[in-house]
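What follows is a short report on a single structure.
The values are calculated or read from the model by the stated rules, or taken from the named source; none is laboratory data. The shown structure was predicted, so the numbers you read here are calculated from the model rather than taken from an experiment. Here Cβ is always computed from backbone atoms with ideal geometry, including for glycine, and neighbour counts include all displayed protein chains.
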Amino acid sequence: MSFKGSRAEAVDELDKFIENSLLKYSKLRNFDFGPKKRDNTSCLSPYITHGLINEVEIINKSLKKFSFVKNEKFIQEILWRIYWKGWLELRPSVWTDYLKELKNIKENLKNSRDYLDATEGKTNIECFNEWVNELKKFNYLHNHTRMWFASIWIFTLNLPWQLGAEFFMKHLFDGDAASNTLGWRWVAGIQTPGKNYLATEWNIKKYTNDRFQNIEINENAASKIAERIYSTTERDFTNPHLLENKILLVFDNNLSVEFIDFKGHNFKKILIISNTNETRQIQLSRNILNFKTLLINDQLNRLKEKSITAEIIKIDELKNVKEPIYALYPTAGENLDYLQLNQLKNIKFIYREIDQFSWQFCNKGFFNFKNHIPKIVTKFNQKR
């Protein structure tokens, strides 16, 4: 299993999945057959996370091939990420509180033997150790495996979920502040208070085709206690009136700017933002940083091929840009944190239409959001 570093290759992976594997996705998606056999899932999340391909593009291509009924489960999973992002946008303190908690916990546990053994794959749980090594080698884990991993981390190894979420962010190609943080909260039982997710031996064996034996884990743990219940905040995602000949900022979540809603607008220059570990609170692994660099360079080269003026700059260089500029909204996470911390008031955010429309349905749980998916699909099907 390997992930490519260009939009052309990402589109090719999407096309191959739709042609060869989409019809069996609903039936087989929960099975983890190991890193050498991933054709039962799309493995598109690293490309979606970085905006190399987008949700509207994926939905349109899949519906050209098969009906909504045959696509429904796949489309639901594609839109999960938009739901998580919208949920967090309406409750931004969840992310900022997580970072504060993480900092405090690390001070107390950074030299803990149990923590170090977990991150080095040296526990007495064979499957967990294998997943640690798989994550570090391939920078990817099957979604079902992520749930098992988080459950074992929290309820068997008794480690704080905040450290586990950081470990994933360090090593996952598709690491995303919303999906990752809220996913770990969900397993712990604080995203939906009182409803935790517990991995079980029979479930792991069934969905890994009995690849692991002697799985001794805690299958009866109680949910963690939510210290705070978050209410939604009023947010305005209206786009400003776009003036011509202004600079546009593009972050590493929108790396196909020539294919998004604003592709026809006349921007003076596009600045592609690189955010290295020097300006991050969570330090990413070298593999992740290299992957982001590949994707950012691919975006730059594609823009140059279209004779669009563009360059790559580090995020801390934005302090030197004094003129009014637009920025494709980076969503909650480290890029937005930097802009807010440094009070860069010359930046006006512009939002993708699918986010503007979909986030209004993110004020409650996913099952409520799911009821609106046909409406979202109808609005954006065939839209370019």
_Out of 303, 344, sole residue that is more than 28 Å from residue 84 (Cα to Cα) and touching a residue at least 12 places away in the same chain (Cβ under 8 Å)_ = 303
*Which members of the range 199-223 meet the condition of being touching a residue at least 40 places away in the same chain (Cβ under 8 Å) and either polar (S, T, N, Q) or not in a loop (DSSP other than H, G, I, E, B) (or both)?*
203, 204, 207, 208, 209, 213, 214, 218
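Inspect the range 39-55 for any residue being surrounded by fewer than 17 Cβ atoms within 10 Å (Cβ to Cβ) and over 27 Å from residue 159 (Cα atoms) and give the result as yes or no. Give the steps one after another, and end with the answer.
Let us first name the residues in the range 39-55 that are surrounded by fewer than 17 Cβ atoms within 10 Å (Cβ to Cβ), namely 39.
From what's left, over 27 Å from residue 159 (Cα atoms): 39.
Taking every residue of the range 39-55 in turn, at least one turns out to be surrounded by fewer than 17 Cβ atoms within 10 Å (Cβ to Cβ) and over 27 Å from residue 159 (Cα atoms).
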*Could you tell me which of the residues 304, 263, 292 is under 18 Å from residue 54 (Cβ atoms), charged (D, E, K, R) and in a helix (DSSP H, G or I)?*
292
_Positions within the range 356-383 being in a loop (DSSP other than H, G, I, E, B), free of Cβ contacts under 8 Å to residues at least 40 places away in the same chain and either over 28 Å from residue 240 (Cβ atoms) or among the basic types (Lys, Arg) (or both), in sequence order_ = 364
*When only residues in the range 257-294 that are in contact with a helix residue (DSSP H, G or I) (Cβ under 7 Å, 6 or more places away or on another chain) and small (Gly, Ala, Ser) count, which is nearest to residue 165 (Cα to Cα)?*
285
*asked:* Quick test for you: out of 23, 109, 99, pick the one residue that is outside the structural domain of residue 165 (by TED's automatic domain parsing) and aliphatic (A, V, I, L, M).
replied: 23
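Give the range 279-308 a look and list any residue that's more than 26 Å from residue 137 (Cβ to Cβ) and either crowded, with 18+ Cβ neighbours inside 10 Å or out of contact with any Phe, Trp or Tyr (no Cβ under 7 Å at 6 or more places or on another chain) (or both), or say none.
Across the range 279-308, the qualifying residues are 299, 300, 301, 302, 303, 304, 305, 306, 307, 308.
Please verify whether residue 159 is of a type in the set (A, V, I, L, M), modelled with pLDDT of 95 or more, within 25 Å of residue 103 (Cβ to Cβ) and touching an Asp or Glu at 6+ places or on another chain (Cβ under 7 Å), treating the condition exactly as stated. Steps first, please.
Values: of a type in the set (A, V, I, L, M): yes; modelled with pLDDT of 95 or more: yes; within 25 Å of residue 103 (Cβ to Cβ): yes; touching an Asp or Glu at 6+ places or on another chain (Cβ under 7 Å): yes.
Spelling it out, residue 159 is indeed of a type in the set (A, V, I, L, M), modelled with pLDDT of 95 or more, within 25 Å of residue 103 (Cβ to Cβ) and touching an Asp or Glu at 6+ places or on another chain (Cβ under 7 Å).
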*asked:* Testing residue 164 on (1) within 21 Å of the chain's Cα centre (by Cα); (2) surrounded by fewer than 23 Cβ atoms within 10 Å (Cβ to Cβ); (3) touching a residue at least 12 places away in the same chain (Cβ under 8 Å), one condition comes back false. Which one is that?
replied: (2)
*asked:* I'd like the residue in the range 311-366 that is surrounded by fewer than 20 Cβ atoms within 10 Å (Cβ to Cβ), within 23 Å of residue 277 (Cα to Cα) and touching a Lys or Arg at 6+ places or on another chain (Cβ under 8 Å) and, out of all such residues, is modelled with the highest pLDDT.
replied: 311
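Tell me whether the range 216-224 contains one or more residues that are assigned by TED's automatic domain parsing to the domain that holds residue 153 and of a type in the set (Asp, Glu).
Of all residues in the range 216-224, those assigned by TED's automatic domain parsing to the domain that holds residue 153 come to none.
Within the range 216-224, none of the residues are assigned by TED's automatic domain parsing to the domain that holds residue 153 and of a type in the set (Asp, Glu).
Determine which member of the set 332, 327 is aliphatic (A, V, I, L, M), under 19 Å from the mean Cα position of the chain (by Cα) and closer than 29 Å to residue 97 by Cβ. Lay out the reasoning, then the answer.
Working: 327 fails: under 19 Å from the mean Cα position of the chain (by Cα).
On inspection, the qualifying residue turns out to be 332.
Take the residues in the range 114-159 that are among the β-branched types (Val, Ile, Thr) and in contact (Cβ under 8 Å) with a residue 24 or more places away in the chain, then tell me which one is nearest to residue 41 (Cα to Cα).
This residue is 145.
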_Residue among 245, 196, 239 that is part of a loop (DSSP other than H, G, I, E, B) and in contact (Cβ under 8 Å) with a residue 60 or more places away in the chain_ = 239
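Yes or no, residue by residue, for (1) closer than 14 Å to residue 34 by Cα; (2) touching a Ser or Thr at 6+ places or on another chain (Cβ under 6 Å); (3) among the hydroxyl-bearing types (Ser, Thr, Tyr); (4) in a loop (DSSP other than H, G, I, E, B):
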{"site": "107", "(1), (2), (3), (4)": "no, no, no, no"}
{"site": "111", "(1), (2), (3), (4)": "no, no, no, yes"}
{"site": "124", "(1), (2), (3), (4)": "no, no, no, yes"}
{"site": "127", "(1), (2), (3), (4)": "yes, no, no, no"}
{"site": "132", "(1), (2), (3), (4)": "yes, no, no, no"}
{"site": "154", "(1), (2), (3), (4)": "no, no, no, no"}
{"site": "162", "(1), (2), (3), (4)": "no, no, no, no"}
